Structures are given as structure tokens and as C-alpha cells.
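J.: My questions all concern the structure below.
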Amino acid sequence: MGTGGLELNCGNRRYLLVIALSHIILDMYSGMLPALIPHLRDKFLLSYSAAGALLAWSTMTSSLIQPVLGFVSDMTGGLGLVIGGLMLSSLAIAATGYITSYPLLVGAAIMAGLGNAVYHPQSASVMARLSTEQRSSVMGLYGVAGSIGFALGPSVLAMALAIGNSSMFWVVTLPGILMGITMKVMSQASQIFAKPCAAPASSPVRTQETDENGYLNGSNMWVAEILLLGIVMLRSFMQYGVVTFLPQYVTQILGGSSNISPRLQSLFLAACAIGTFVGGFASDRFGRRSLFIASPVCLIPIHWALCNTRTVSLFTMLLALEGFVLMSTFSGGLLMSQDFLPRLTGLASGLHIGICTTMGGVGATITGLVADSRGLAFALGSLVLCPIIGLCLTPLLPRDKRPRITHTSGAIPE
């Protein structure tokens, strides 16, 4: 990790751990929302589509507002946005235990999405300022932290329900509150959460150089970016479709106990987190585009087998394998997006993560509509179309010879 301007302007690198831990907690609340669907569906007698729509409201709110709040965070900086996002998400999830109508549930889902939108731009900006040379490693840590938190969500929710049903939902606010207090106390001695640091006057921020493949840095590739976003949409469609309706599938199709559903959700999401981490190394070793081709090639038979087995033990193994392979392209995909728009890396990141999240919620709603009309088994099986279409689109992506911006050692990215 580069140290030049980092230690001088942005404080100690121990704040990497602070932001990573806060990201775990924030995305833990995001992981609780899909796990709440079976509970809320039984409590309010919701249809599959109405239940899936709750997730869509949350994710669309987060994704559509996030670019605006990203601009605000660039202008204002500050720790308040990070803590505010944590608090808002924790309160929104806790509120579902006391709400008595579906419209109020929609309001809570929107509030949870707003918390995500408030938190992510500023926290990601801080992570970027913490590194100059090994930025992909730092952002990989950030992404994996979120995946771990998302995976923990269902299990933490199950423990909260076990304590005292929904009447004890206030307990879930504690991690967010405690982390917010910790961050506030730690920030008193550092400017790490202040406005973005300026690079030293003697340090150029950008240099027009060629990459290792001889390509000139600096040109935006909008067609490639749009194509990549389409592939990312399909991946998110599949992930959210599986995790949202997994509990009902286990009990209704496989005849499994409802007690194992939260554990299977956490297993799937944990496998997604591991796939995110390992996939970053695999992208560096074999190429990002190559991994985008290998992933759907493996996913097609895995998902077909998953939807055609009736043995819970085999289903569990295939579920973990699917999560691992599905998210193995996340780290490489995010870097590809930034490479395709080298002069708009903030916008690229926002589009990549925002579109991914939005289409996940929309995909869950569509999967719910299919389940209402054709049955849950058919709906989950039809998700195999996602990797099939993705495999057809991926060869159209540029090869791993992409333009990018080179940051000189010690310079803080603008």
C-alpha cells in the first residue's frame, strides 16, 4: 500500500479496519431484509410479488438516490453521512417489528434503502483515500466486508427473533449505534473523515501514460460500459432471486425444516463473499474477461442441478458452489467498469453498484410474479436464463487491454 501522501494527509491506515467493520454492520442490515420476507409474508398474508416488492423498493431507493448523495458527499465530506446511514438502516429494520400495515412496511423498506444510499458514497470515498498504489486490494477489502455483513444478516435476524419474536427488534439497532459511537470517538483525533485531502503541490495527480499493454490512458468506452452493466444486471437478478425465495423453496419444494432456511441463506451469501475475495485473485491471474466467461459456463450446469435435486444435503452443497461462482466476477467487474470510464471512476462505481442493486430488487419482484403464476420451482429454475444470456454477451466485451488512469506514488486521487 502506498504511503507517500497517505500518512501525511489522511491519518493512520488503521481506519481501514474501522470502515470495513462499519461496512459489515451496514450490509448486515441489508441482508436482514430478504430474510424478513418469509416472516412478513406470513404476518401480513402477502403474495410472492408483494413480498418481493419490498426488496425492490429498498434497492431502487438506494441505487437511484446514491449518485446524488455521492455528489453531496464529494462536496461536504464529513463523518455525519457515514454514521447517519448506519443509524437510518438500523432503525428501518427494527421498525418492521412494530409496523402494522403494508404501506408502512414499504416506508420502512424505502428508509432502509435511503440509509444505504447515505452511507456508501462517503465510506467508499474514505477507503479510496486510504490507498494510492494497492487500491484494488483496499476496495476488495471493502467489498468483502459488505458481503460478510450481508451473509450475517439472516443469522443475526434469526437470533433476534429467537430472543423474543418481533417485539425485541430494537435489539438489531445496537450494532449500528455502537459502531457509530466508536467511529465518532476515533475520529476526534484524526481528519480521516473530513473533506478529501489535497495532494501536495509538487505531486502531479495524473499522468498521461500507456498501460502495460501499450494503450493510451484517458478515453471513455461507453458502449463497453453499458454492455458490462447489462451482464452485471443478470448476475444480480440471479443472486437476489435465489436468496429472496430460498426459504420458501426449501420448505415447499424440498420439504425441509423452516429452521434451516436462515442458515442456508447465510451459507449462500457467505459463499458469495468468498467468491468475491477469491475472484479478485483469479481475475489478476487469468484475466477479468476470461473469468466473466468461465463463471456462466460453470453456473449453467450448477443451477440446473440445484433446481433438479430433491436432497437437502446435495442442494446445500450446490447452493454454496453457486454463490461462490456467481460472485467471483464482482471485484474484476468493478475494476473493468472503472477502466471503461477512466475519467469518471466515481460515476462508473456508482453505476456498477447501483445498477447491480436495483436490478437485484427488480429481479426478485419478477421472480415473485413468475412464482405466483407458474409456481416457485419453475420460477427458480428459470433463473438459469441469466448465465445463458450473460455467456452470449460476454465475448462482446473488450479484451483485457483497457485504458486506465495512472496515479503517481503519493498522490491522492481527485
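J.: Using the alpha carbon gyration tensor of segment 232-342, what are the three equivalent-ellipsoid semi-axes (square root of 5 times each eigenvalue), largest first, in whole Å?
T.: Those come to 28, 13, 11 Å.
J.: Shifting gears a bit: Return the carbon/sulfur percentage of the accessible area of segment 266-388, one whole number, probe 1.4 Å, all protein chains in place.
T.: Taking all protein chains in place, segment 266-388 shows 74 percent carbon and sulfur surface.
The values are calculated or read from the model by the stated rules, or taken from the named source; none is laboratory data. All values reported here derive from a predicted model rather than from experimental measurement. Ligands, DNA and RNA are excluded from the accessible area calculation, which covers all protein heavy atoms including side chains. Shrake-Rupley method; radii C 1.70, N 1.55, O 1.52, S 1.80 Å.
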